[in-house]
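Right, one structure below, let's go through it.
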Amino acid sequence: MSREAHPALPEFEYIKPKTLPEACGFLEEHAGEARPLLGGTDIFVRMRDGAFKDKYLVDIKGLDGTDEISFDPMEGLTIGAAVPMNRVSAHGTVQEKYPLLVEAIDSVASYQLRNRATVVGNICNASPAGDTIGACLLYDGVLHIHGTNGGRKEPLSSFFKGPGQISLEPGDIVLALQLPVPPQGFTGKYVKLNRNNRGDLAIVGVTACSFPHRETPSGLSVKVALASVAPVPLVVPAVERLFEKEKLTEASIAQAAQIAMDACSPIDDVRGTARYRKLMVRNLTRQALSALQANH
């Protein structure tokens with residue numbers, strides 16, 4: 001029994017610009033045939049499989065702080081676009097103040113792949129199954145973007161437009177992700193269903209967080225984000241509204257799990273049916289919120 005080898009990578013031209021304006025200008029000039037290159041863990045697979053047909057890959061590593069990670073007590077954490085996931089998860093401040101992000105990163109594929117893959121690349125890939133996106137959304141992440149018309153900041157909550165679709169214009173480059181300082185008492189949990197113990201895309205992913213909030217009747221703020229069950233990563237506002245009034249109890253957790261299940265719109269694919277995914281959203285949401293309850 002013979003097996004067909006994977007197709008080879010198509011020919012492309014590697015571009016290494018010396019400056020950010022040069023990189024943005026080239027991407028704008030070659031819109032539709034050039035793509036920024038960070039870790040490459042997704043790009044090369046898609047090029048090999050024929051999904052991407054770019055003529056140019058523009059390496060932006062090393063431009064304007066893309067290789068840096070820093071923390072400011074007022075501004076929060078800034079992760080350069082080219083910082084590998086393993087470097088982020090091993091950073092002492094990230095482990096101390098952003099453990100939910102560490103948990104999400106450590107669920108991604110293998111350690112070897114995370115030496116190349118980046119958090120910003122995971123975001124810009126805009127897969128509804130992206131493991132780190134839920135944590136970044138619940139930390140209220142903001143992207144630092146630079147284009148031919150200058151720089152801007154965009155909340156992650158408005159960045160996703162559809163599977164593989166993001167709000168970047170030709171010439172735009174995401175330079176960094178900024179995560180504000182989490183509220184005091186912030187706790188989170190990421191749970192993921194996949195076909196293998198490690199290294200597989202999420203069939204369903206649920207990220208949940210909670211923290212004390214004096215302005216809500218319950219004294220609590222709880223948020224839930226869902227992966228792989230909608231065209232874009234999905235935060236469920238109805239869950240947040242529920243826990244503005246309700247404490248974390250078995251009854252309210254069950255109600256929130258049902259709300260999350262009703263809010264999602266998964267599809268059938270080779271990894272699971274839509275019905276199965278919806279039921280697992282309910283189960284995993286209950287599991288994630290129960291983990292938070294144990295911390296209160």
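The values are calculated or read from the model by the stated rules, or taken from the named source; none is laboratory data. Computed from a prediction, not measured in an experiment: that's the story for all the values here. Here Cβ is always computed from backbone atoms with ideal geometry, including for glycine, and neighbour counts include all displayed protein chains. These area figures cover heavy atoms from the full protein model, side chains too; ligands, DNA and RNA do not enter into them. Shrake-Rupley method; radii C 1.70, N 1.55, O 1.52, S 1.80 Å.
Can you tell me which residue is most open to solvent (accessible area, probe 1.4 Å) among those in the range 270-296 that are farther than 11 Å from V229 by Cα and not in a helix (DSSP H, G or I)?
Per the criteria, the residue is V270.
For the range 2-9, state whether one or more residues are of a type in the set (S, T, Y) and either buried (at least 16 other Cβ atoms within 10 Å of the Cβ) or touching a residue at least 40 places away in the same chain (Cβ under 8 Å) (or both).
Residues of the range 2-9 that are of a type in the set (S, T, Y), as a first pass: 2.
When the remaining residues are screened for being either buried (at least 16 other Cβ atoms within 10 Å of the Cβ) or touching a residue at least 40 places away in the same chain (Cβ under 8 Å) (or both), the result is none.
So far as the range 2-9 goes, no, none of its residues is of a type in the set (S, T, Y) and either buried (at least 16 other Cβ atoms within 10 Å of the Cβ) or touching a residue at least 40 places away in the same chain (Cβ under 8 Å) (or both).
Out of all the residues in the range 238-296, which are within 23 Å of P163 (Cβ to Cβ) and touching an Asp or Glu at 6+ places or on another chain (Cβ under 6 Å)?
A274
If I filter the range 154-164 down to residues being of a type outside the set (A, V, I, L, M, F, W, C) and assigned to a strand (DSSP E or B), which single residue comes out as surrounded by the most Cβ atoms within 10 Å (Cβ to Cβ)? Don't jump to the end; show me each part of the working.
Keep residues of the range 154-164 that are of a type outside the set (A, V, I, L, M, F, W, C), which gives 154-155, 157-158, 161-164.
Applying the additional criterion that residues be assigned to a strand (DSSP E or B) yields 154-155, 161-162.
On the way: E154: 17, P155: 11, K161: 13, G162: 10.
Here the residue is E154.
Mind listing just one residue for me: the one in the range 255-268 that is more than 13 Å from A230 (Cβ to Cβ) and out of contact with any Leu (no Cβ under 8 Å at 6 or more places or on another chain) and, of those, surrounded by the fewest Cβ atoms within 10 Å (Cβ to Cβ)? I'd like the intermediate steps shown before the answer.
Within the range 255-268, the first condition is being more than 13 Å from A230 (Cβ to Cβ), and the residues that meet it are 255-259, 268.
Within this subset, residues satisfying the condition of being out of contact with any Leu (no Cβ under 8 Å at 6 or more places or on another chain) are 258, 268.
Working: Q258: 14, D268: 11.
Looking at residues that are more than 13 Å from A230 (Cβ to Cβ) and out of contact with any Leu (no Cβ under 8 Å at 6 or more places or on another chain), I get D268.
Each row is one residue, and each column tells you yes or no for (1) within 16 Å of A225 (Cα to Cα); (2) more than 13 Å from the chain's Cα centre (by Cα); (3) surrounded by 23 or more Cβ atoms within 10 Å (Cβ to Cβ); (4) among the polar types (S, T, N, Q).
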residue: R87; (1), (2), (3), (4): no, yes, no, no
residue: V120; (1), (2), (3), (4): no, no, yes, no
residue: S127; (1), (2), (3), (4): yes, no, no, yes
residue: T132; (1), (2), (3), (4): yes, no, yes, yes
residue: I145; (1), (2), (3), (4): no, yes, no, no
residue: R152; (1), (2), (3), (4): no, yes, no, no
residue: I166; (1), (2), (3), (4): no, no, no, no
residue: V181; (1), (2), (3), (4): no, yes, no, no
residue: Q184; (1), (2), (3), (4): no, yes, no, yes
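Within the range 207-242, restricting attention to residues that are open to solvent by 50 Å² or more (accessible area, probe 1.4 Å) and of a type in the set (K, R), which residue is nearest to S158 (Cα to Cα)?
Across the range 207-242, the extreme among qualifying residues is R241.
With respect to T19, is the statement that it is over 30 Å from D140 (Cβ atoms), polar (S, T, N, Q) and surrounded by fewer than 17 Cβ atoms within 10 Å (Cβ to Cβ) true? Can you show your working first?
Numbers: over 30 Å from D140 (Cβ atoms): yes; polar (S, T, N, Q): yes; surrounded by fewer than 17 Cβ atoms within 10 Å (Cβ to Cβ): yes.
Criteria met by T19.
Sort out which residues of the range 37-82 are open to solvent by less than 70 Å² (accessible area, probe 1.4 Å), modelled with pLDDT of 95 or more and more than 25 Å from K18 (Cα to Cα), and write them in order of number.
Selection gives F71, D72, G76, L77.
Of all residues in the range 130-148, which are in contact with a Pro (Cβ under 9 Å, 6 or more places away or on another chain), of a type in the set (A, V, I, L, M, F, W, C) and assigned to a strand (DSSP E or B)?
Once the filter is applied, which keeps residues that are in contact with a Pro (Cβ under 9 Å, 6 or more places away or on another chain), of a type in the set (A, V, I, L, M, F, W, C) and assigned to a strand (DSSP E or B), the range 130-148 yields V142, L143.
Would you call E96 open to solvent by 50 Å² or more (accessible area, probe 1.4 Å), closer than 18 Å to V191 by Cα and part of a helix (DSSP H, G or I)? Working first, answer last.
On the way: open to solvent by 50 Å² or more (accessible area, probe 1.4 Å): yes; closer than 18 Å to V191 by Cα: no; part of a helix (DSSP H, G or I): yes.
Considered against the rule, which asks whether it is open to solvent by 50 Å² or more (accessible area, probe 1.4 Å), closer than 18 Å to V191 by Cα and part of a helix (DSSP H, G or I), E96 comes out as no.
Can you pull out the residues in the range 107-129 that are in a loop (DSSP other than H, G, I, E, B), under 19 Å from P36 (Cβ atoms) and polar (S, T, N, Q)?
Here is the first cut: in the range 107-129, the residues in a loop (DSSP other than H, G, I, E, B) are 107-110, 115-117, 126-129.
Now restrict to residues that are under 19 Å from P36 (Cβ atoms): 116-117, 126-127.
Within the range 107-129, S127 is the sole residue that qualifies.
Right, G151: in contact (Cβ under 8 Å) with a residue 40 or more places away in the chain, out of contact with any Asp or Glu (no Cβ under 8 Å at 6 or more places or on another chain), at negative phi and not in a helix (DSSP H, G or I) or not? Full working, then the answer.
Numbers: in contact (Cβ under 8 Å) with a residue 40 or more places away in the chain: no; out of contact with any Asp or Glu (no Cβ under 8 Å at 6 or more places or on another chain): yes; at negative phi: yes; not in a helix (DSSP H, G or I): yes.
No; evaluated as a whole, the condition is false for this residue.
Being in contact (Cβ under 8 Å) with a residue 40 or more places away in the chain and of a type outside the set (A, V, I, L, M) is the filter here, so list the residues in the range 277-289 that pass it. It would help to see each step written out before you state the result.
Pass one, the range 277-289, residues in contact (Cβ under 8 Å) with a residue 40 or more places away in the chain: 277-278, 280-281, 284-285, 287-289.
Scanning the range 277-289 gives R277, K278, T285, Q287.
Of the residues Y56, Y111, Y139, which is closer than 22 Å to V222 by Cα and hydroxyl-bearing (S, T, Y)?
Y139
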